[in-house]
Amino acid sequence: MYKIVICDDDGKTTIIPFIRDQFSIGRQDGNVIRLTDRNVSRQHAILSKEHGSFYIQDVGSRNGIKIGANIMPQGAQKEVIPEDRIQIGDYRISISEKDYSAVPFGKQVDPKVDTGVGKVTPYARLVMVEGEDVGMELALTDQLYIIGRGDRANMFLQDPSISRAHARLEGSGDNWVVSDLDSSNGLYVNGNKRDDYLLRSGDVVEFGNTHFRYVAPGEPFDVESSNLEEWQAENASKSRTIWAVGIIAILLLMGVTLVGLKYFRDLNPDDAEVMVRLNEYNQVLADGESELKAQHWEQAAKLFAKAQGMGFGTLKARELKQKAMLELEAKTSLEAAKEAMAEEDWTLAVSELSKVHEKSSYFNKVLASEAADKLCEELLYKIDFMKDSGDREGIETVLSAIGDIPYASKECIQKRDSHLAAMK
């Protein structure tokens with residue numbers, strides 16, 4: 001197995017297994033590999049693996065990247081081979097296949113004192129950082145979780161501030177979307193109320209008074225070996241940072257001139273990252289709309305959920321995501337209805353077809369009317385037997401059910417009315 005070997009100028013070494021296709025590197029919380037020295041940009045580089053080859057890309061860093069003695073051009077991508085020396089700030093990084101059995105994965109090894117910085121797992125985790133059992137980990141090894149304190153929850157949290165079905169967490173690998181299920185106290189991520197949010201490494205998810213840190217696969221972290229007080233102080237200031245980014249984004253969307261933007265970037269180079277993120281947001285939104293046109297509903301919904309979590313206004317992304325989800329549900333219901341009709345289960349067929357909204361591209365009124373008439377015919381047939389047995393109460397129940405059939409024909413309703421009149 002290949003490993004990422006990180007050495008700092010104090011002689012400390014960190015070993016991380018290369019179990020992801022891509023590692024973001026930078027000073028900002030949320031990077032998979034977070035290097036905290038000030039000479040590392042907030043978003044500095046991306047280390048990736050593709051078709052068995054390794055690449056390092058500069059993502060607009062201030063101090064650049066050196067490979068051996070050569071400085072990479074800003075924004076460039078370069079292939080690296082195992083044991084190449086990559087210099088980012090005061091850190092020396094290499095990819096290695098060597099045996100590091102004496103060094104635990106995800107641990108910093110100080111020449112003087114062995115200091116832990118956290119374990120590494122191949123799956124994502126939620127680690128409790130505030131609540132009754134700080135340090136408790138929830139391994140995200142399934143694809144869907146209902147979080148709450150009720151019977152429906154498969155991620156059970158005994159906290160009175162949490163609803164019985166509080167939130168939904170769905171995904172795999174390092175791609176997880178958390179959604180509020182109309183909980184009493186709401187869903188918050190990094191101190192901000194959210195309906196849907198694509199989690200990023202380092203995010204704090206708040207379910208009532210219980211808070212978890214999202215830890216991506218391959219990221220070294222545990223509460224015991226982290227400086228929790230310092231980390232919580234950083235998290236408390238994150239809301240202010242998000243507000244500042246939001247104000248900048250609004251100015252950009254109102255039409256700040258190119259000359260003004262150039263001056264703005266020259267004034268504070270780190271703020272140029274906002275432009276990069278805004279372009280990424282627009283691209284994710286455009287990709288989602290392309291998937292929507294291609295009727296790839298699930299892919300579109302995931303992209304719109306990702307856009308919602310990027311901090312540049314969520315209204316359009318949320319509306320488009322809801323449209324994609326409705327179409328996905330409509331498609332599923334239509335397929336289930338057709339299967340039910342093939343098995344002459346008219347009750348199930350009508351139930352599934354009633355879930356397909358009339359504005360959906362999957363709405364089929366002819367099919368809905370056909371299933372409704374078949375169900376009506378079946379129920380009217382039952383009434384004949386109930387008459388013979390004198391089951392008046394049963395007849396009334398069936399007649400009421402006929403009146404509730406969506407898209408029932410006039411003939412069906414007339415026959416029901418005739419039975420009602422006869423009973424009087």
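The values are calculated or read from the model by the stated rules, or taken from the named source; none is laboratory data. Note that the coordinates shown come from a computational prediction; the quantities given were computed from them, not determined experimentally. Cβ sites come from the backbone with ideal geometry, for glycine too, and all protein chains shown count toward neighbours. For the accessible areas, the whole protein counts, side chains as well, though only heavy atoms, and no ligand, DNA or RNA atoms are used. Shrake-Rupley method; radii C 1.70, N 1.55, O 1.52, S 1.80 Å.
Is it the case that some residue within region 387-405 is closer than 30 Å to Gln295 by Cα, open to solvent by 50 Å² or more (accessible area, probe 1.4 Å) and not in a loop (DSSP other than H, G, I, E, B)?
Among the residues of region 387-405, not one is closer than 30 Å to Gln295 by Cα, open to solvent by 50 Å² or more (accessible area, probe 1.4 Å) and not in a loop (DSSP other than H, G, I, E, B), which makes the answer no.
Taking Ala330, is it open to solvent by less than 30 Å² (accessible area, probe 1.4 Å), of a type in the set (A, V, I, L, M, F, W, C), touching a helix residue (DSSP H, G or I) at 6+ places or on another chain (Cβ under 6 Å) and without any contact (Cβ under 8 Å) to a residue 40 or more places away in the chain?
no
Okay, residues lined up against (1) free of Cβ contacts under 8 Å to residues at least 12 places away in the same chain; (2) touching a strand residue (DSSP E or B) at 6+ places or on another chain (Cβ under 6 Å); (3) not hydroxyl-bearing (Ser, Thr, Tyr); (4) not in a loop (DSSP other than H, G, I, E, B):
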position	(1), (2), (3), (4)
Val129	no, yes, yes, yes
Glu132	no, no, yes, no
Leu138	no, yes, yes, yes
Ser161	no, no, no, no
Ala165	no, yes, yes, no
Leu169	no, yes, yes, yes
Ser179	no, yes, no, yes
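Testing Val80 on (1) out of contact with any Gly (no Cβ under 8 Å at 6 or more places or on another chain); (2) hydrophobic (A, V, I, L, M, F, W, C); (3) at pLDDT below 85, one condition comes back false. Which one is that?
(3)
Looking only at region 16-54, how many residues end up being of a type in the set (A, V, I, L, M, F, W, C) and modelled with pLDDT under 80?
Number of matching residues: 1.
Can you tell me which residue within region 21-53, out of those that are basic (Lys, Arg) and touching a strand residue (DSSP E or B) at 6+ places or on another chain (Cβ under 8 Å), is least open to solvent (accessible area, probe 1.4 Å)?
Among them, the one singled out is Arg27.
Just name the residue that is farthest from the chain's Cα centre (by Cα) out of those in region 375-396 that are within 18 Å of Ala421 (Cα to Cα) and acidic (Asp, Glu).
Applying the filter and picking the extreme gives Asp388.
So, of the residues in region 183-192 that are in contact (Cβ under 8 Å) with a residue 12 or more places away in the chain and not in a strand (DSSP E or B), which turns out to be surrounded by the fewest Cβ atoms within 10 Å (Cβ to Cβ)?
Going through the qualifying residues, I end up with Ser184.
Just one of (1) open to solvent by 40 Å² or more (accessible area, probe 1.4 Å); (2) touching a strand residue (DSSP E or B) at 6+ places or on another chain (Cβ under 9 Å) trips up Ile56, so point out which.
Here Ile56 meets the rest and fails (1).
Which members of region 1-48 meet the condition of being of a type in the set (A, V, I, L, M, F, W, C) and under 19 Å from Pro122 (Cβ atoms)?
The answer is Met1, Ile4, Val5, Ile6, Ile15, Ile16, Phe18, Ile19, Phe23, Val32, Ile33, Leu47.
Inside region 122-170, can you point out the residues that are among the aromatic types (Phe, Trp, Tyr), over 21 Å from Arg20 (Cα atoms) and surrounded by fewer than 18 Cβ atoms within 10 Å (Cβ to Cβ)?
Taking region 122-170 first, the residues among the aromatic types (Phe, Trp, Tyr) are 123, 145, 156.
From what's left, over 21 Å from Arg20 (Cα atoms): 145, 156.
Passing the criteria: only Phe156.
Return only the number of the condition from (1) modelled with pLDDT of 85 or more; (2) surrounded by 12 or more Cβ atoms within 10 Å (Cβ to Cβ); (3) within 31 Å of the chain's Cα centre (by Cα) that Gln108 does not satisfy.
Here Gln108 meets the rest and fails (1).
Would you say Glu335 is among the charged types (D, E, K, R), part of a helix (DSSP H, G or I) and either open to solvent by 70 Å² or more (accessible area, probe 1.4 Å) or under 30 Å from Ala286 (Cβ atoms) (or both)? Give the steps one after another, and end with the answer.
Working: among the charged types (D, E, K, R): yes; part of a helix (DSSP H, G or I): yes; either open to solvent by 70 Å² or more (accessible area, probe 1.4 Å) or under 30 Å from Ala286 (Cβ atoms) (or both): yes.
Yes.
Any residue in region 341-353 that is of a type outside the set (Phe, Trp, Tyr), open to solvent by less than 20 Å² (accessible area, probe 1.4 Å), free of Cβ contacts under 8 Å to residues at least 60 places away in the same chain and over 30 Å from Leu292 (Cβ atoms)?
no
Going residue by residue through region 366-386, is there one that turns out to be open to solvent by 60 Å² or more (accessible area, probe 1.4 Å), in a helix (DSSP H, G or I) and more than 23 Å from Ala349 (Cβ to Cβ)?
No - not one qualifying residue is present in region 366-386.
Does Lys365 satisfy the condition of being of a type in the set (Lys, Arg), over 50 Å from the mean Cα position of the chain (by Cα) and modelled with pLDDT of 85 or more?
no
Find all pairs meeting these conditions: Cβ atoms under 7 angstrom apart; at least six residues apart or on different chains; first residue within region 1-15 and at pLDDT 75 or above; second residue of a type in the set (Asp, Glu).
Tyr2/Glu97
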